[in-house]
């Protein structure tokens, strides 16, 4: 039996949380019950325990009654444990002498119509918390130094902004981009941006240039993936895999002793390359690309060629064309690995579009003239495959009637698609597309099939007015199906104009589907490496949707951009700046406090069997010789406090601080035996 | 009883045996050549009609369909049938009752009145499904059974609704990307299947609409006929006697009401298969069809 | 505003009838009944119109709008929905169900509403005729002499091996239908109609 | 038949990162469920010692729930796997000592699955109510 070393002097404080708690259960009854519990010296209640007067009650009571344990019955410890720990500390107690009973989120809110049941449960919750509080011990949080560097994963506009902010704050920042050999992301594929109609590339290039110019603070690593993540806040060790690009830049060339060599972007190699493939990622497959290529003209790092080894036939013509001076091409280049150490990480890994051909009723990939919004961006973009002339893929003609299908896959609960959320920027870019058609093609009419126009941002509704005023036709109805006239390749769009209450069947020259967005397939692997949860729809989960929208439940990992949920460019950039600010705080503080939930070996009980070693995912446990016996030893710096070793130890020799076996057993006993002795 | 024959309880429904007996005769004879033996399901009734009857009281619809299912359960044999409407009643009720305890208990309460109990021990198949299924028959076996190829004919397929829709409660996949398996079965007879606009659209008969508002119903049929005629089809084929009735008698009614004539013969797939396997028009009672099949028959005989 | 104007003139009353929607027009139970019978969450309709746009019965030939029936279901407008003759124009092709982005089954909602209409004696004649035919013969489309002759020529029995050949099964069918008073109601409605 | 007036004693040991957060989310969403379960928070289900479970049943618990993160989502990489493996062992043990192993349940509820938490609560209480009071209580008297 675990003896309490000192006489328990517990104070119990019950929060009304306005009517959130007090409206569903009897505070009075819970308070009176608390007073009957062994070790409870004082029980009190207050409207809002988290308020300053509420906290003062705790501080004063500790002093007045010489308390050695505090229980607050209120909301979730995930919300207010830090608040009350601080109060406990201000009262002069060790802050780990505090325990919380969650009688709001896990009681009054979920048993709103069961006064008695909720009251009984609250009494038990207090009982369980008091049982634990009586067993609590003083603990000292562990301070660890923080690496003065950060990782930003993803080189889109969000990742670039975060990296620029971190770098400007004087933090060494690794900006890692996986797929294309450049930063820029989705935004570099866009033509204009709503509602200002800024040219996307024009406002993006300065940022790309800055990212390139920021050395030594920004270390740009393109064509690079994260292979492994180890460590914890302040001390992450990240293994990067730099994919073999097949082309050496001047620095890399110099490292190999080729003075004055390396790629200068002349393009002689691409000219001779015999392999021609559609350019799927950037031009949506609408333009050809050689096996050795530049991703797009504004790439950063600049004018850097890359070999697509999936299509390269290794004929060697490019090596010849490059010549003996530059010697920039290495057809045998392989992936290389590198370890970096960072204090915090920001994930800005972006998004994908759903394969909209799944919605077969709209005929994408069946009918030539049904395209997606992103394809439209490339077709209307001056640097795109058609030089900015919007043409029908079937015959190169200029479309005069263009239909826009909004919510193409968004807000759709059907199996197969199952994207119940709003993709949040399709309304606005479709309005912008409508504007661009009317601007570029005199007499052309856009028809926008919509359910709701969600123009929620600054100057967005005004943009909607403008497009309506310019002559775009809005039809309030979701498109039922699209049929193709096999001869003209025109499209018949069927829908109901729900405002008119009449079905419409309209012949269009071209249809643009505003396809829904979804998390990238690799997001799953990445979030598991970084220990980030996902929300129900697969987007990465923020720590709190309102109060901590950039953080995650893993300390030191932050989110920016669409990977956390659909958002447009302004919101992405804003969140990126938020994430950068949050990520810089521990770095500038220089140290973080870790909760002291470490495992400890009780040497006198430990048999030295070593079975716990396999339980630990962090390799924090070792067998050592102590006083002539083999016992286990914990490396505190590696231990994260999960307690998996403690849950397993056959001899009960591992003490999990703050979650000790006697504490947990006391909680179980308290509820089941109600103070009766077993 | 031949050893290699797969046996099924043959659920007839109403329109096939009572209006187009050629469908029934052909189904039995042609299936036999494909290794499928159809045994009479004695005492079966109307499925009952899902649109017209389910519209009034779904509970009775469940119960009467369950009664038909129980007859086959008592034979310990899967059901096969040749009508989309029957498929909706028999297959769907079987499916629902197997998965919904509340409805199943309700149905069994009624069936107890007539000393029956729905157990959920059998499956239901459309005969065309069995023909296409490689494990049961398959297109090649159909092709091999042909002795008189229907060469030189262009045939428009009509899939109908209730075998394929709603897709989430069926197992035939997406109906938006128009299915082509029926075409494979038609082409296997030596005929040329043709594609036409809005192939997957309803014939217009279902849901009791044919009885409630014939003109409305025929207008939908007419739209289909226009699309079929546009591509120069010699005949329409389907695997639903109710669709057949709508297209066949419907053409006469359309001529009366709208003054438009198509003279497009309408044949159940089993009738086509019968012809391709050498059955005579007399053996198929094609003279009972409202639209004269002769022009079509002349192309193949 | 007074909903009844009491102008004492039927024509005027009708012409100036208050067509506002009042919450008192709603019967919330109607939505619940529809949901239970249709086994679909009819309340989740967001009125996008995909159903009407997919409907072969709506576009060029009628005033039937399946979306409006969904709306009337959501609002509990029982009388309006059940008394609308368009309710009987659905061919049950399930195109709307296949395309509904909310994964609802509007077709089954129509079927549920028809069931509810029958409970208050709203039902087209042809549906009742089918009831009587099945009650008496087991078949909605029974055999006839021309067909019998044709069957014999084909080598089939004059009557198929259904209830036609085994009339001993008909009482069982009648028992099932009587259990729900279906025939009784059908007869009564037809009799009242012919009065 | 379940006794409507009997309230089973059920203890849940749930992990801080997923199931506890999911339970909080259920609260935020006001998802209503029966109040019979008492939760004890641990950092990870890996912390769950089989002895805790045996202790609870010995003390007369009618049911126990262990709930953690989905596989692959563990905040500590693999604590939930380790726990799940132990649960097989404990369930076997329960069967062998004559306790219905349905009294012990392990579920996986993520931080975003508030509705699922509500469903788990409903189901656990229903299951335990159907099983009735723990037979161990009888021996105590």
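Things to note:
- Note on C:149-159: average number of Cβ atoms from other chains within 10 Å of each residue's Cβ is 5.
- The alpha carbon radius of gyration of the protein assembly as shown, expressed as a multiple of 2.2 N^0.38 Å, is 1.10.
- Principal axes of region B:134-276: Cα extent on each, largest first, Å: 43, 37, 22
- Cα extents for region B:36-135 along the principal axes, largest to smallest and rounded to whole angstrom: 38, 27, 25.
- Chain D, Rg to Rh (Cα coordinates; Rh as Kirkwood inverse mean 1/r): 0.97
- Nearest-ten-degree value, helix B:101-111 long axis tilted from longest Cα axis of chain B: 90
- Note on chain A: antiparallel DSSP beta bridges, both residues inside, total approximately 50 percent of the bridges counted.
- Spacing of the two label points (7 Å from each Cα toward its C-beta) at residue A:38 and residue C:41, in nm: 4.9
- Across all Cα pairs in region A:130-176, the calculated P(r) in 10 Å bins from zero up to the longest distance comes to 24, 28, 14, 13, 20, 1 percent per bin.
- Scattering curve values for region C:102-147, log₁₀ I(q)/I(0), Debye with Cα scatterers, q = 0.17, 0.22, 0.26, 0.29 Å⁻¹: -0.65, -0.83, -0.94, -1.01
- Only helical runs count toward this figure. For chain B, summing -39,500 (n - 2.57) over DSSP H runs of n ≥ 4 and dividing by all residues gives -12500 deg cm²/dmol at 222 nm.
- Counting, for every residue in C:102-110, the Cβ atoms of other protein chains within 10 Å of its Cβ and taking the mean gives 3.
- For region A:592-678, taking Cα atoms only, Rg and Dmax work out to 14.5, 44 Å respectively.
- Cα→Cβ-extended label distance, 7 Å offset, between residue C:5 and residue B:294, nm: 6.6
- Residues A:187, A:632, ranked from the fewest to the most other C-beta atoms within 10 Å, line up as A:187, A:632.
- Arranged from fewest to most other beta-carbon atoms within 10 Å of their beta carbon, B:215, B:30 become B:215, B:30.
- Helix A:27-36 axis, angle to chain A major axis (alpha carbon atoms, nearest 10°): 40
- Cα-only radius of gyration and Dmax that characterise chain A, units Å: 31.1, 93
- Percent of Cα-Cα distances greater than 25 Å, calculated over region A:427-568: 47
- For chain B, built as a Gaussian network whose Cα springs stay under 10 Å, the top-fluctuating residue of B:77, B:279, B:180: B:180
- Separation of region D:83-141 and region A:539-615, taken as the distance between their Cα centroids, equals 32 angstrom.
- Calculated Rg and Dmax of chain B using C-alpha coordinates, Å: 18.8, 56
- Each residue in B:162, B:289 was given a count of other beta-carbon atoms within 10 angstrom of its own, and listing them fewest first yields B:289, B:162.
- Across peptide C:172-184, the mean count of Cβ atoms from other chains lying within 10 Å of each residue's own Cβ comes to 5.
- Within the protein assembly as shown, DSSP assigns beta bridges of which about 40% are antiparallel (rounded to the nearest 5).
- Crossing angle, helix C:125-137 versus chain C [Cα axis fit, 0-90 degrees, rounded to tens]: 30
- On full extension, the segment bounded by residue C:13 and residue C:184 gains 57.7 nm, given 0.36 nm per residue less the C-alpha separation.
- Computed over chain A, the per-residue total of -39500 (n - 2.57) for DSSP H runs of n ≥ 4 gives a 222 nm mean residue ellipticity of -8500 deg cm²/dmol, rounded to 500.
- A full extension of the chain between residue A:259 and residue A:142 corresponds to an added length of 37.1 nm, given 0.36 nm per residue minus the alpha carbon distance.
- Between the beta carbons of residue B:76 and residue A:270, assuming R0 = 51 Å, the FRET efficiency works out to 0.10 to the nearest 0.05.
- Pairwise centroid distance, computed over Cα atoms, of region A:194-217 with region A:325-388, Å: 18
- Per-residue packing, averaged as other Cβ atoms within 10 Å, sorts the ranges B:89-95, C:129-135, A:557-563, A:212-218 into the order A:557-563, B:89-95, C:129-135, A:212-218, beginning with the highest.
- FRET efficiency for residue A:202 and residue A:459, using Cβ-Cβ distance with R0 set to 22 Å, rounded to 0.05: 0.75
Since every read-out is calculated from the coordinates, none of them should be taken as a lab result. Remember, it's a predicted structure, so these values are computed and weren't measured experimentally. Please note: Cβ atoms are built from the backbone with ideal geometry, for glycine as well, and neighbour counts cover all protein chains shown.
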